[in-house]
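What follows draws every value from the coordinates through simple rules; no lab data is involved. Just so it is clear, the model here is predicted, and its values are computed rather than measured. Cβ coordinates were reconstructed from backbone atoms using ideal geometry, including for glycine residues, and neighbour counts include every protein chain displayed.
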Amino acid sequence: MIAFYFDEHMGRAVAKGLTQRGYQAVMAVDVGMKQKDDDTEHLPYAAEQGWVMVTFDHPFGGRTMKHTDHKGLICLSKSIREDIGRCIEVLAEFAELYTPDEVAGQVFWLR
């Protein structure tokens, strides 16, 4: 099953909503990863744990498309940033559609 790792761009309400639905959603701030670099710290940490990273940071997503040494990255559209329910729905649907092996090394742009 897909497990999510939220960088500091993601809100706690989304993580809580996913957790209530039975998905694993870990927040960077809860595992001592506050104010870390996305490229050199967050993404490698998520990969070590086997987690798919989730962000709203589109420049980071673009840079990550050049790499495959991670467990997957989801860049959510900024248009849904304030719609907690939509964020939860999109991520839950993603977790139901894909396995960890299918997303490893890829970047997904979801809205």
Give Arg21, Arg111 a once-over and let me know the one that is in contact (Cβ under 8 Å) with a residue 60 or more places away in the chain, farther than 14 Å from Asp7 by Cα and among the basic types (Lys, Arg). Arg21
Evaluate the range 91-101: report whether one residue or more is crowded, with 16+ Cβ neighbours inside 10 Å, within 13 Å of the chain's Cα centre (by Cα) and of a type in the set (Gly, Ala, Ser). yes
Scan the range 1-54 residue by residue and report those that are of a type in the set (D, E, K, R), under 17 Å from Val90 (Cβ atoms) and buried (at least 19 other Cβ atoms within 10 Å of the Cβ). Asp7
